[in-house]
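See structure below.
The values are calculated or read from the model by the stated rules, or taken from the named source; none is laboratory data. Nothing here was measured: the structure is a model prediction, and the numbers come from that model. Neighbour counts are summed over all protein chains in view; Cβ atoms, including those assigned to glycine, are modelled from backbone coordinates with ideal geometry. Only protein heavy atoms, including side chains, enter the accessible area calculation; ligands, DNA and RNA are left aside. Shrake-Rupley method; radii C 1.70, N 1.55, O 1.52, S 1.80 Å.
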Amino acid sequence: MNEVEQLKEWIQKSDNIVFFGGAGVSTESKIPDFRSVDGLYHQQYQYPPETILSHSFYISHTEEFYRFYRSKMLFPDAKPNQTHIRLAELEREGKLKAVITQNIDGLHQAAGSQCVLELHGSVMRNYCQSCHKFYDMEEILHGEGVPRCSCGGRIKPDVVLYEEGLDSTVLSEAVRRIQEADVLIVGGTSLTVYPAAGLIDYYRGRKLVLINKSVTPMDARADLLIQEGLGKVFSQV
């Protein structure tokens with residue numbers, strides 16, 4: 001039995017699967033990741049992306065932040081790919097209990113997934129820092145300069161920037177889901193960004209599946225290691 005067939009069997013026999021994914025889930029939807037050879041970290045800007053996407057830069061260079069954010073972080077035409085679609089199907093089939101994602105693109109919800117825990121927030125949500133009025137992505141995308149609320153307050157994306165902490169409620173729910181999972185499928189993540197990468201430590205089962213094209217620091221811990229593209233794997237399970 002090859003690795004994908006093994007995964008398929010585990011999925012068929014389980015009704016308590018959790019999927020934990022990173023940027024590699026969305027690259028097949030033409031959303032670039034940060035760390036690959038052609039990712040954002042390898043492109044040239046006046047400031048490094050980590051600096052631009054930090055809380056302190058957002059506060060001190062808000063206009064420059066939004067210039068980068070609009071051009072490099074928003075993908076209004078992106079569509080869910082095979083992985084997003086299959087995960088949503090597995091949830092409807094009663095097998096998948098939660099998707100935990102490091103992505104901020106909203107594609108899991110667009111595919112139909114209901115239980116999505118967004119560790120790093122979402123570009124789909126933006127809020128006024130004064131009155132907390134909600135604004136959608138389109139209003140940010142088509143604006144200019146620093147977006148302002150009707151009350152005059154500054155609008156901030158509901159995205160966790162560098163130097164900001166993760167939402168404790170989302171994080172604790174992610175931990176609970178992983179602790180209770182029968183099968184934990186981890187895909188499309190380098191497993192180098194903490195605290196998200198540390199979530200694997202909470203898994204108590206014996207069916208840890210890692211799906212990634214490249215090597216990760218956690219490979220030796222996997223009960224099943226599949227070094228293939230996510231779309232190729234999920235089109236077969």
Given the residues Gly188, Gly198, which is the only one that is on the phi > 0 side of the Ramachandran plot, open to solvent by less than 30 Å² (accessible area, probe 1.4 Å) and either among the hydroxyl-bearing types (Ser, Thr, Tyr) or under 20 Å from the mean Cα position of the chain (by Cα) (or both)? Gly188
Restricted to region 58-95, and to residues that are open to solvent by less than 10 Å² (accessible area, probe 1.4 Å) and in contact with a Phe, Trp or Tyr (Cβ under 6 Å, 6 or more places away or on another chain), which residue is farthest from Glu173 (Cα to Cα)? Phe65
Do we have Leu208 as within 14 Å of the chain's Cα centre (by Cα) and either at negative phi or surrounded by fewer than 14 Cβ atoms within 10 Å (Cβ to Cβ) (or both) here? no
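It is to be established whether one or more residues within region 154-164 are basic (Lys, Arg) and surrounded by 14 or more Cβ atoms within 10 Å (Cβ to Cβ).
Yes: one or more hits.
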Going through region 1-20 one residue at a time, which ones are of a type outside the set (A, V, I, L, M, F, W, C) and either open to solvent by less than 30 Å² (accessible area, probe 1.4 Å) or out of contact with any helix residue (DSSP H, G or I) (no Cβ under 8 Å at 6 or more places or on another chain) (or both)? Asn2, Glu3, Glu5, Gln6, Lys8, Glu9, Gln12, Lys13, Ser14, Asp15
